[in-house]
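Engineer: One structure is given below, represented as structure tokens, and several questions about it will come after.
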Amino acid sequence: MNDVQRLSLPETVPPGIEVWLLKLNLQAPISNSDFLLLNECERAHALRFHTHADQVRSTATRAALRRLLVTKVAMPPSKLNFLTNNFGKPYLQGAADIDFNVSHAGEHAVIAISTNGQIGVDIEDCDRQLDVRALSEYVFTHIERRCAIETTEDFIKHWVAKEAVLKAIGVGISEHLQFVSVLPDNKEGYRVTCNYPEWEGIKVWSIKVPDRYAAALAVHAS
């Protein structure tokens, strides 16, 4: 059984934003009720994963997204139709005033839903070893590299904020890493500087998730 709970967000997050945490049981069989809720393409996508854990993760997260979105639209969860933009960011057909974003890592997934602008969310597992110096050269701008990014945890906390920003914008992440800088501003928030005027106004916050994980939420308010 997978548990879903709504997360508390920083007070400065605008109204109309929800983030939900999904606790995944990756050893359990794929839930039949979850699987039947998906459309044919989603089922095929889930079953293409080689490991059982990834199949459960894909199925459970998409099913939870469908169940949460029906609280915003007047149709059954099985009838929701998703499309993608040119960079692969999904959106809900026929609901231009609703945006959503999903991320998962390890035994957790986060689902963000917005009725107040474009949204991005990311979660990562901090319990792993990374070549922080080498990755920072590729991932971060020269301005970001001035920050004290020395440990794996530092790197991941900064990375989730940057990825959330790029997901909120809805562009390809790897192609645009050097076009935006995300800099620590206070305990929960970040300051974003970017190359394009149309990207201005994006806000990003750290959000509280279970120990060993880091997560961030970005909003490009309308």
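The values are calculated or read from the model by the stated rules, or taken from the named source; none is laboratory data. Quick caveat, the model's predicted, so the values are computed rather than measured. Cβ sites come from the backbone with ideal geometry, for glycine too, and all protein chains shown count toward neighbours. Side chains included, ligands, DNA and RNA excluded: accessible areas come from the protein's heavy atoms. Shrake-Rupley method; radii C 1.70, N 1.55, O 1.52, S 1.80 Å.
Engineer: Test of understanding: what is the full-extension gain from HIS50 to THR193, defined as 0.36 nm times their sequence separation minus their Cα-Cα distance?
Structural biologist: Result: 47.6 nm gained on full extension.
Engineer: Just the accessible area for GLU175, please: 1.4 Å probe, Å², rounded to the nearest 10?
Structural biologist: Surface open to solvent at GLU175 totals about 100 Å².
Engineer: A further question follows. Out of the total accessible area of the chain (probe 1.4 Å, heavy atoms of protein only), what percent is carbon and sulfur?
Structural biologist: After summing per-atom areas, the C and S share lands at 50 percent.
Engineer: For a paramagnetic label modelled at 7 Å from the Cα of ASN39 toward its Cβ, which residues of the stretch 47-84 fall within the zone defined by backbone nitrogen distances under 12 Å?
Structural biologist: Counting only backbone N, you get 78-84.
Engineer: Using a Gaussian network model on the chain with a 10 Å cutoff between Cα atoms, which of CYS194, CYS147, CYS41 fluctuates the most?
Structural biologist: Largest GNM mean-square fluctuation: CYS41.
Engineer: How big is the charge dipole of the chain about its Cα centre, in debye rounded to the nearest 20, if each Lys and Arg gets +1 on its Cβ and each Asp and Glu gets -1 on its Cβ?
Structural biologist: 440 debye
Engineer: Another one. What helices does the chain hold that run 20 Å or longer along their axis, going by alpha-carbon atoms, with a Kyte-Doolittle average of 0.0 or more, using DSSP H for the helix calls?
Structural biologist: Both cut-offs are met by 152-169.
Engineer: Filter the chymotrypsin sites (Phe, Trp or Tyr not before Pro) in the stretch 40-123 to those in DSSP coil with at most 16 other Cβ atoms within 10 Å of their Cβ, and list the result.
Structural biologist: Hits after loop and neighbour filter: PHE49, PHE87.
Engineer: With an 8 Å Cα cut-off and a minimum separation of 6 or more residues, compute the relative contact order for the chain in percent.
Structural biologist: Relative contact order for the chain comes out at 18 percent.
Engineer: Moving on. Just flag the trypsin sites (Lys or Arg not before Pro) in the stretch 125-170 sitting in loop per DSSP whose Cβ has no more than 16 other Cβ atoms within 10 Å.
Structural biologist: Within the stretch 125-170, the qualifying trypsin sites (Lys or Arg not before Pro) (loop, at most 16 other Cβ atoms within 10 Å) are ARG128.
Engineer: Could you tell me the relative contact order of the stretch 151-222? Use alpha-carbon pairs under 8 Å, at least six residues apart, and round to a whole percent.
Structural biologist: 32 percent.
Engineer: Here's something else I'd like to know. In the stretch 1-87, which GluC sites (Glu not before Pro) fall in coil by DSSP and have 14 or fewer other Cβ atoms within 10 Å?
Structural biologist: Answer in residue order: GLU11.
Engineer: Averaged per residue, what accessible surface does the chain expose to a 1.4 Å probe, in Å²?
Structural biologist: Heavy-atom accessible area per residue stands at 52 Å².
Engineer: Right, another one. Considering the zone a paramagnetic label at THR71 would reach in this model (a point 7 Å from Cα along the Cα-to-Cβ line), which residues of the stretch 1-34 have amide N under 16 Å from it?
Structural biologist: It comes to 3-9, 15-23, nothing else.
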